[in-house]
Amino acid sequence: MKMYIIVKDTIPDKLVPVITAHASLACYKKYETNEDMQKWINGIFKKVVCVTNEIEFEKLKDEPNFVALTESSLGNEEVCLAFCPREEYPKRFKFQKMWTPQNN
């Protein structure tokens, strides 16, 4: 079980840790009664933070069970999608690039 958190690749690195922390909490609150969420929260709750471009970000919204987050300091732009944990994700998730801070 894992939760995928997808951040747009245009978001400044300094904002990503706080955004992803908020994303995991928002996702939990939205899906706290979901059976998969219950398994995840009561087990080893793995999270995967990835970055993607605007086009793929929009395509990922076609997937079920996610919460979208906005960032007020970026004009309320959508910055992140957090997906309710599940055992299996579609292949497109496996090809997402893991987030790593750039040395800016």
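Tell me the residue from Ile55, Ile44 that is among the hydrophobic types (A, V, I, L, M, F, W, C) and farther than 12 Å from Lys2 by Cβ, please. After ruling out the rest, the residue left standing is Ile55. Test Val79 against the criterion of being in contact (Cβ under 8 Å) with a residue 12 or more places away in the chain and under 18 Å from Phe95 (Cβ atoms), and give yes or no. For Val79, the condition - in contact (Cβ under 8 Å) with a residue 12 or more places away in the chain and under 18 Å from Phe95 (Cβ atoms) - is not met. Scanning region 1-18 for residues that are more than 12 Å from Cys50 (Cβ to Cβ) and part of a helix (DSSP H, G or I) yields Asp13, Lys14, Leu15, Pro17, Val18. Annotation: of all residues in region 19-77 being of a type in the set (Ser, Thr, Tyr) and either assigned to a helix (DSSP H, G or I) or touching a strand residue (DSSP E or B) at 6+ places or on another chain (Cβ under 7 Å) (or both), the one that is surrounded by the fewest Cβ atoms within 10 Å (Cβ to Cβ) is Ser72.
Residue-level check: of (1) under 10 Å from the mean Cα position of the chain (by Cα); (2) in a loop (DSSP other than H, G, I, E, B), Leu81 misses just (2).
From the list Thr52, Thr70, Thr10, Thr20, the one residue that fits, being free of Cβ contacts under 8 Å to residues at least 12 places away in the same chain and of a type in the set (S, T, N, Q), is Thr70.
Taking the listed residues Lys91, Lys97, the one that is under 24 Å from Met1 (Cβ atoms), surrounded by fewer than 17 Cβ atoms within 10 Å (Cβ to Cβ), at pLDDT 95 or above and basic (Lys, Arg) is Lys97, with no other qualifying.
Taking into account only those residues within region 1-18 that are under 19 Å from Phe95 (Cα atoms) and not hydroxyl-bearing (Ser, Thr, Tyr), which is surrounded by the most Cβ atoms within 10 Å (Cβ to Cβ)? Break it down into steps so the answer makes sense when it comes.
Here is the first cut: in region 1-18, the ones under 19 Å from Phe95 (Cα atoms) are 1-10.
When the remaining residues are screened for being not hydroxyl-bearing (Ser, Thr, Tyr), the result is 1-3, 5-9.
Details: Met1: 16, Lys2: 16, Met3: 24, Ile5: 26, Ile6: 28, Val7: 23, Lys8: 20, Asp9: 14.
Across region 1-18, the extreme among qualifying residues is Ile6.
Cβ separations smaller than 9 Å between residues 6+ apart or across chains give the following pairs from region 83-96 residues that are under 25 Å from Lys29 (Cα atoms) to residues that are at pLDDT below 95 and part of a loop (DSSP other than H, G, I, E, B): Pro85/Met1; Pro85/Phe45; Arg86/Met1; Glu87/Met1.
The values are calculated or read from the model by the stated rules, or taken from the named source; none is laboratory data. What you are looking at is a predicted structure, and each value in this text was computed from that prediction instead of being measured. Heads up, the Cβs are rebuilt from the backbone with ideal geometry, glycines too, and the neighbour counts pull from every protein chain shown.
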